[in-house]
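Report on the structure given below.
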Amino acid sequence: MENQSLRLKLRVWRQASSQAKGAFEMYELAAVPVHASFLEMMDLLNEQLIREGKEPVAFDHDCREGICGMCSLYINGRAHGPQRGTTTCQLHMRHFQDGETITVEPFRAAAFPVLKDLAVNRSAFDRIQQAGGYVTVNTGNAPDGNAVPIPKTDADEAFMSAACIGCGACVAACKNASAMLFVSAKVSQYALLPQGQPEHRERVLSMVEAMDMEGFGHCTNTGACEAECPKGISVENIARLNRSYLAAQLSGGGTSAVATSD
Amino acid sequence: MMALTGLFLILFLVVHLIGNLQLLAGDGGRRFNEYSHFMSHSLLIQTVSKLNFAFIILHVLYSLWLSRQAHAARPQGYEGKPALQTATWSSRNMGILGTVILLFLIVHLKGFWYELKFGAVPSITYAGAPEPLHNAYQVVRAAYAQAWYAGFYILSMVFLGFHLHHGFQSAFHTLGLSNYRYKPLIRTVGTVFAILVPMLFALIPAVMHLQSLGY
Amino acid sequence: MKLDSKIPSGPLAERWKHYRSTVPLVSPANKRKLEVIVVGTGLAGASAAASLAELGYKVKTFCFQDSPRRAHSIAAQGGINAAKNYQNDGDSVYRLFYDTIKGGDYRAREANVHRLAEVSASIIDQCVAQGVPFARDYGGMLDNRSFGGTQVSRTFYARGQTGQQLLLGAYSALNRQISKKQVQSFTRHEMVELVMVDGKARGIIAKNLVTGELERHSAHAVVLASGGYGNVFYLSTNAMGSNVTAAWKAHRLGALFGNPCFTQIHPTCLPQAGEYQSKLTLMSESLRNDGRVWVPSRVEDAQAIREGRLKASDLGEDRRDYFLERKYPAYGNLVPRDVASRAAKELCDAGHGVAPTGLAVFLDFEDAIRRLGRSTISARYGNLFEMYEKITGDNPYETPMKIYPAVHYTMGGLWVDYELMTTIPGLYAIGEANFSDHGANRLGASALMQGLADGYFVLPYTIGAYLSSEIRHAVPSVDHPSFVEAEQRALDFQNRLLAIQGKRSAESFHRALGKIMWEYCGMARSAEGLRHALGLLESLHQEFWSDVLVPGSLNSYNPELDKAHRVADFIELGRLMVWDALTREESCGGHFRVEHQTPEGEALRDDEEFAFVSAWEYHGPDKDPVMHREALNFEEVHLTQRSYK
């Protein structure tokens, strides 16, 4: 493996702006180290383009350690590429073949408009969370952290839901461009904790409403989201959201909390 | 909506299958014809039947709306083709599967329901029966004697199987009835259902076609 | 310039309580009329913005990422300290205060650190109330672990994602205020200039990174929560976008920069694999709880391993040097970060390194797996092991990990007083962006604590002291000449960069800068090396401004231009760091001057001469900076030489 490098052909989506029409461009890279990450490969491409006097490819990235959720990319027909449980920044070139042609596209969804090339606007996710993804508690207003014991299983499950990094791979991978996995993970985190109960019903209704307003598609339970999620968020969250949503609608009118948990 | 209508249609399939299996009773069709008569003269069954048609139409209309939504949610598709699909084939192709099943339904209804209701159906009088009955069995047997007809039925049941394979567990998921504990159970029951029910349905044309060939 | 740290008088433990009870308040009716700009939405920025908005101030937040949630606090793995004493192991506010002062090698302000320890417990309560899913024990109570060189278990955690969970908590509080229209959030915006009116910070020029447009935003006060400057080393555990630009623009306008040379090197990072590498990945320090650090005792063995002729498992116990256990029997593998890092560097420099580059040591779990079983190790570190395998392709259950120190955190930052105000009136710096609480070295799991302490529990009080007297001023119009002038400065700066049209990318200059900084201003620094570095940086600066190639145009989505802008500021900062390191003729914490060490090779402080904060004043890119001193008075703590033997 040491000192090996790959010769690659890249088919990259280029689009000047949200309004512009995009198209694929072909590029060749002569020597990509196998231990480089996919984004480092993109860096090499950009260095090459700059040297050739061409415009570098715009793509989103930041922490490069798989947690900020900024990187995206649809690589060879898969969100974040072919490795399971991996963000693009943690995808390494050793998983590609010498001479391979790699197709790189932006995450595609009406709710994620392309800003430029491979960078898309995911602020729809922010707006969904602004609609209710919080507990109403002012700073300084909190009881002791151990005042309410939380069963370990609930805390762990809430954590599993809270592990979502908001990258949007679920939307990108879903054939309907649905955001249900994202929204359900957020709702579930609060649904599983006592702190989330008082506002549970309103939260479910308003976050789902916000999701629909953003123009995401509907969930048809294909499970692609779970399979493509770099953090392995389970579709059980979606079932929980569905349950909560139905319960919240049925109990409509009242403002009392509807507790849902497994 | 897909889940509620779907679940109703799944229930209907069970009832329908139990009735139809009487075609294989080996009594020259008497029990089937009696059953058929009962079904067409029961107010309750007739109401449920109307409801059933409504649900089929709703199921189809809603699916059309869903695909339009999906298209609107992703106006521009992907070009990259994955080496490995992450969602099951049936879940990705519910529309195609459903369309084939709809075609089948049209042929099916035209062939039997329409024939029995509005066509010229021969009558048969059983000993001890108060009145002559429509010989529905006769109609069915004649239809299944045609190889292409029986073949089309059997093939359609394969499509139905795939449709159910996704639809069954998906319905439970959408209604929020699935969780970590029950999911494996729902999956298993769904898979068994998706294999067993279409297989038994397909058994009828298969057996009757073979019977018509004299086996 | 006279530095007034505004430390309240009275007994140390009473100061913050007393301050809070006597600080001037702003009436609710007036808060509505007061506007605050917060730059950066990490733990400090998001918690401050949310808390200020809850109080009724009108807040605007800015982040260069596409969502406030992506600020680099998100990447913190290990945990957050708090003096809760839930484990009944003798922890207290005083002990946390003492550990922090001692860990910082006595170069932090006592009053600030005590306040930090006091509010630490409230942070945990606040986060739990927000729905942060901390780890819990089977009784449903919050779990703790011991972390990085402390002898009590006071670290709260959420698997390996404590940073993300805490930030999501602060982000949720921020979202609530955004939905109430108390906060206006600007994403993909970078602050490129500070605006001062009549000597006070009154606004910023922000660049919309999507359109390239410059926007003017005015306010009564500006809060910088823009994080640290570790990326001056090019390779660090920071995010690619982390930068010093916001703080540097403030520095250029008169905000003094405190202790710039105090940087923290984290011992457990993945070693560099090649030139193309863009960043280093941290492996949580918690790994040192069970992993044993070693190198081959004999240089020949190390060489054989580097060349692939030997494997780690080929070496028996007698051929291994567990150097941390050997040198520091009391603390062993859990010595503080700077001690562990320097020991690794020394052995690699002596030829014992194990990666092909020669720059790595082993972190071995063989004993721990034998003692506790694979499943226990997997439960503790499973996700970290997976991450390691994902990046390197090696399985740490079978072969020891290879680790090497990397730049992780910068203790230095904008100088602030007790109220977190910089030397520019109305300009505040919080979180990693300020210099205040960690002295010369930060304890593990204290960065998250400080960020949230500043944002939730300190700034919302202290900013009132300033704003209560600003009520009489309306927010200046963005057409004020100061805004026009600041915007022009930002425009000129970018146009200059675009006009050079040289041959080298900004990235290549950044890489060159990093090499200089790591080599001469990294883990071990010498007067000779630092002087040499000044010369190198001088030429790099000139070369950059004559040969950088920035493609694209001004008014467009142009990440290359933004990068060049940041690199330009980093080069100037690098120079200041070297100045500071050169001036500080002692070793302390993360600052190790080879001339100043004990016979055993430990850092040798000089408390007589250097018990002060160096606060630097900017005089231009080619003028020498001027140092001001803030003397550190230790009333409570007796200064001792650190010893982890």
Inset, instruction - Return only the number of the condition from (1) surrounded by fewer than 16 Cβ atoms within 10 Å (Cβ to Cβ); (2) not in a loop (DSSP other than H, G, I, E, B) that A:V12 does not satisfy. - result: (1)
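Given the criteria open to solvent by 10 Å² or more (accessible area, probe 1.4 Å), of a type in the set (K, R) and outside any strand (DSSP E or B), does C:R176 qualify? Can you show your working first?
Values: open to solvent by 10 Å² or more (accessible area, probe 1.4 Å): yes; of a type in the set (K, R): yes; outside any strand (DSSP E or B): yes.
When the stated conditions are applied, C:R176 passes them.
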Legend entry - Filtered residue count, segment C:461-518, keeping only those that are assigned to a loop (DSSP other than H, G, I, E, B) and either crowded, with 19+ Cβ neighbours inside 10 Å or not hydrophobic (A, V, I, L, M, F, W, C) (or both): 13
Inset, instruction - Restricting attention to segment C:307-357, report how many residues are open to solvent by 20 Å² or more (accessible area, probe 1.4 Å), among the hydrophobic types (A, V, I, L, M, F, W, C) and more than 28 Å from C:E519 (Cβ to Cβ). - result: 3
Inset, instruction - Could you check, for segment A:153-167, whether at least one of its residues is β-branched (V, I, T), open to solvent by less than 10 Å² (accessible area, probe 1.4 Å) and either in contact with a His (Cβ under 9 Å, 6 or more places away or on another chain) or farther than 27 Å from C:E54 by Cα (or both)? - result: no
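Among the listed residues A:A119, A:A131, identify the single one that is facing another protein chain (nearest Cβ under 9 Å), in contact (Cβ under 8 Å) with a residue 24 or more places away in the chain and open to solvent by 10 Å² or more (accessible area, probe 1.4 Å). Write out each step before concluding.
Working: A:A119 fails: open to solvent by 10 Å² or more (accessible area, probe 1.4 Å).
Unique residue meeting the criteria: A:A131.
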Legend entry - Sole residue being polar (S, T, N, Q) and within 22 Å of the chain's Cα centre (by Cα), chosen from C:S92, C:S9, C:S27, C:S73: C:S73
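I'd like the residue in segment C:56-73 that is closer than 18 Å to A:Q130 by Cβ and in a helix (DSSP H, G or I) and, out of all such residues, is nearest to the other protein chains (Cβ to nearest Cβ). Working first, answer last.
Of segment C:56-73, the ones closer than 18 Å to A:Q130 by Cβ are C:58-63, C:65-71.
Of the ones still in play, those that are also in a helix (DSSP H, G or I) are C:68-70.
Values: C:P68: 7, C:R69: 6, C:R70: 4 Å.
Selected residue: C:R70.
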Legend entry - Selection from segment B:169-199 of residues that are of a type in the set (A, V, I, L, M), touching a residue at least 24 places away in the same chain (Cβ under 8 Å) and open to solvent by less than 30 Å² (accessible area, probe 1.4 Å): B:A171, B:A194, B:V197
Inset, instruction - Could you tell me whether segment C:121-144 includes any residue that is touching a helix residue (DSSP H, G or I) at 6+ places or on another chain (Cβ under 9 Å) and away from every other protein chain (no Cβ under 11 Å)? - result: no
Inset, instruction - Please verify whether segment C:596-607 includes one or more residues that are in contact (Cβ under 8 Å) with a residue 24 or more places away in the chain, crowded, with 19+ Cβ neighbours inside 10 Å and within 29 Å of C:M191 (Cβ to Cβ). - result: no
Inset, instruction - Would you point out the residue of segment C:275-300, among those that are small (G, A, S) and open to solvent by less than 20 Å² (accessible area, probe 1.4 Å), that is nearest to the other protein chains (Cβ to nearest Cβ)? - result: C:S278
Inset, instruction - Among the residues of segment C:103-134, write down those that are at pLDDT 95 or above and part of a loop (DSSP other than H, G, I, E, B). - result: C:Y106, C:R107, C:A108, C:R109, C:G131, C:V132, C:P133, C:F134
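Any residue at all in segment A:196-216 that's touching a Pro at 6+ places or on another chain (Cβ under 8 Å) and in the same structural domain as A:G132 (by TED's automatic domain parsing)?
First, pick out the residues of segment A:196-216 that are touching a Pro at 6+ places or on another chain (Cβ under 8 Å): none.
For segment A:196-216, residues touching a Pro at 6+ places or on another chain (Cβ under 8 Å) and in the same structural domain as A:G132 (by TED's automatic domain parsing): absent.
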Legend entry - Members of segment A:71-86 found to be within 11 Å of chain B (Cβ to nearest Cβ) and at positive phi, listed by number: A:L73, A:N76, A:G77, A:G81
Inset, instruction - Read through the list (1) within 16 Å of C:G522 (Cβ to Cβ); (2) over 28 Å from the mean Cα position of the chain (by Cα); (3) not charged (D, E, K, R), then give the number of the only condition that C:C348 fails. - result: (2)
Legend entry - Residues of segment A:212-227 that turn out to be assigned to a helix (DSSP H, G or I) and crowded, with 23+ Cβ neighbours inside 10 Å, as a count: 2
Inset, instruction - Please give the number of the condition C:D137 fails out of (1) more than 30 Å from C:L324 (Cα to Cα); (2) open to solvent by less than 40 Å² (accessible area, probe 1.4 Å); (3) of a type in the set (D, E, K, R). - result: (2)
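Looking at A:T139, A:T103 in this structure, which one is open to solvent by less than 40 Å² (accessible area, probe 1.4 Å) and either at pLDDT below 95 or outside the structural domain of A:M207 (by TED's automatic domain parsing) (or both)?
A:T103
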Inset, instruction - Go through segment B:82-183 and tell me which helices (runs of 4 or more DSSP H), entirely inside it, have 3 or more residues that are within 12 Å of chain A (Cβ to nearest Cβ). - result: B:89-92, B:94-108, B:147-174
Legend entry - Top-ranked residue in segment A:28-70 [being more than 7 Å from every other protein chain (Cβ to nearest Cβ) and among the acidic types (D, E); ranked as nearest to C:R511 (Cα to Cα)]: A:E52
Legend entry - Residues of segment A:174-212 that turn out to be among the aliphatic types (A, V, I, L, M), more than 14 Å from chain B (Cβ to nearest Cβ) and more than 17 Å from A:F112 (Cα to Cα), as a count: 4
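From the list A:V57, A:V34, which one is of a type in the set (V, I, T) and surrounded by fewer than 20 Cβ atoms within 10 Å (Cβ to Cβ)? I'd like the intermediate steps shown before the answer.
On the way: A:V57 fails: surrounded by fewer than 20 Cβ atoms within 10 Å (Cβ to Cβ).
None of the others qualify; the one that does is A:V34.
Picking from C:S185, C:S153, which residue would you name as being more than 9 Å from every other protein chain (Cβ to nearest Cβ) and in contact (Cβ under 8 Å) with a residue 12 or more places away in the chain?
Values: C:S185 fails: more than 9 Å from every other protein chain (Cβ to nearest Cβ).
Within the list C:S185, C:S153, the selection yields C:S153.
The values are calculated or read from the model by the stated rules, or taken from the named source; none is laboratory data. Just so it is clear, the structure is predicted and the values come from calculations on it, not from any experiment. All Cβ positions, glycine included, derive from the backbone under ideal geometry; neighbour counts span all protein chains shown. Each accessible area value is taken on the protein alone, full model and side chains, heavy atoms only, with ligands, DNA and RNA left out. Shrake-Rupley method; radii C 1.70, N 1.55, O 1.52, S 1.80 Å.
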